[in-house]
Amino acid sequence: MLSAQGLQGAAETVWQQVVGQWPDFSVEVLPELDSTNSELMRRGRAGQTSPTLLVAERQTAGRGRLGRDWRTVGGAAPGADSLTFSLGLVLPAIDLSGLSLAVGVAVVDALHPDLGLKWPNDVWLAGRKLAGILIETTAVGDQRWVVIGVGINLLPRPETDLRTPPAALCEVLPQATVASVLQAVGPALARAIRQFTQAGFADFQAAFARRDVLRNRTVQAKDRAGQALQGVACGVDASGALLVHTARGVQVINSAEVSVRPLPPSPLPTPSAP
Ligand code: BTN
């Protein structure tokens, strides 16, 4: 799967594999951008809506979910710490709520069997975040311009201020480069979008379940207003909503504005003295 070649060569290979699906498809590799998502959203709003895969060797203002930053060192050479790209395309007016989960399935299936998915769209390795997905949309007539941004850590990032340092793909694929990862993930993403457009998230539900790292774990979900809910995660439904078993029954969480984290297992209760 993962052969060594430069980013431009990988972009060409991705283009060859995807252009049959979208005849006006293009792949661009730019040395620096604020954010591949921001750039494609600007283009979409300006009416430039042909399917485009945009790769940035470096992002100066990469963005994550819930208004967070997505910081990487970047670079195109073997040894670059991460791959950052976005795919922009027009999709019909369908329910997009499970799209980020379907994209997560495509990313992990293209890369390694040990990767897991944390609802709604984080890729995890051994309890740490390895990759993130940010989907943004804007209306184009009665359709939608959809921008799917993916950031994948290839090498460890020592400078991070995160509580848990991120995982890196080199832990399971020491030979992986930005080029080889782009070549593996780009066509897989295009296939997943076609499948999602035709059949919806239901077609990905079983594959998501196999990678679901939250299943049977006690989780806490918090919305932006700080409202918390605690329970045991019990999978996702056919629309991609997270199901959480709580004291008040099964709650359905379908808002992307909610952050969910697994809680550490609680200690066994100490037997009380007779
Ligand atoms: C998250 O986990 O919070 C989502 C992170 C998404 C990061 C990618 S990197 C490429 C694209 N451009 C951005 O500014 N963000 C996404």
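The values are calculated or read from the model by the stated rules, or taken from the named source; none is laboratory data. Keep in mind that what you see is a predicted model, and the values were worked out from it rather than measured. Because the Cβ atoms are built from the backbone with ideal geometry, glycine has one as well, and the counts that use them run over all protein chains shown. Keep in mind that these areas ignore ligands, DNA and RNA; they rest on the heavy atoms of the full protein, side chains included. Shrake-Rupley method; radii C 1.70, N 1.55, O 1.52, S 1.80 Å.
Odds and ends about this structure:
- Across the range 238-254, the number of residues qualifying as part of a loop (DSSP other than H, G, I, E, B) and more than 13 Å from residue 98 (Cβ to Cβ) comes to 2.
- Residue match in the range 190-204 (condition: assigned to a loop (DSSP other than H, G, I, E, B) and under 16 Å from residue 125 (Cα atoms)): no
- When the range 11-51 is filtered for residues that are within 16 Å of the ligand (Cβ to nearest atom) and among the polar types (S, T, N, Q), the ones remaining, listed by number, are 35, 36, 37, 38.
- Filtering the range 137-149 to residues that are open to solvent by 50 Å² or more (accessible area, probe 1.4 Å) and more than 15 Å from the ligand (Cβ to nearest atom) leaves 139, 141, 142, 143, 144.
- Residue satisfying all of: in the range 78-95; under 17 Å from the mean Cα position of the chain (by Cα) and modelled with pLDDT of 95 or more; farthest from residue 140 (Cα to Cα) among these: 83
- On inspection, residue 68 fails the criterion of being within 13 Å of the ligand (Cβ to nearest atom), charged (D, E, K, R), open to solvent by 10 Å² or more (accessible area, probe 1.4 Å) and under 14 Å from the mean Cα position of the chain (by Cα).
- In the range 158-177, the qualifying residues are those that are in contact with a strand residue (DSSP E or B) (Cβ under 8 Å, 6 or more places away or on another chain) and open to solvent by less than 30 Å² (accessible area, probe 1.4 Å), and the one that is farthest from residue 261 (Cα to Cα) is 169.
- Filter result for the condition that a residue is within 14 Å of the ligand (Cβ to nearest atom), in a helix (DSSP H, G or I) and farther than 20 Å from residue 171 by Cα, over 134, 101: 101
- Scanning the range 47-67 for residues that are touching a residue at least 12 places away in the same chain (Cβ under 8 Å) and closer than 30 Å to residue 221 by Cβ gives 59, 61, 62, 63, 64, 65, 66.
- Those residues of the range 233-254 which are exposed (fewer than 13 other Cβ atoms within 10 Å of the Cβ) and at positive phi, in sequence order: 249
- Within the range 193-205, tally of residues that are open to solvent by less than 10 Å² (accessible area, probe 1.4 Å) and under 28 Å from residue 8 (Cβ atoms): 1
- Count of the range 206-232 residues which are β-branched (Val, Ile, Thr) and either assigned to a loop (DSSP other than H, G, I, E, B) or open to solvent by less than 40 Å² (accessible area, probe 1.4 Å) (or both): 2
- Count - residues of the range 19-46 that are in a helix (DSSP H, G or I), within 27 Å of residue 80 (Cα to Cα) and either in contact (Cβ under 8 Å) with a residue 60 or more places away in the chain or in contact with a helix residue (DSSP H, G or I) (Cβ under 9 Å, 6 or more places away or on another chain) (or both): 4
- Selection from the range 92-133 of residues that are open to solvent by 40 Å² or more (accessible area, probe 1.4 Å), of a type in the set (Gly, Ala, Ser) and within 21 Å of residue 70 (Cα to Cα): 126, 127
- Once the range 52-61 is narrowed to residues that are open to solvent by less than 40 Å² (accessible area, probe 1.4 Å) and not small (Gly, Ala, Ser), the residue that is nearest to the ligand (Cβ to nearest atom) is 59.
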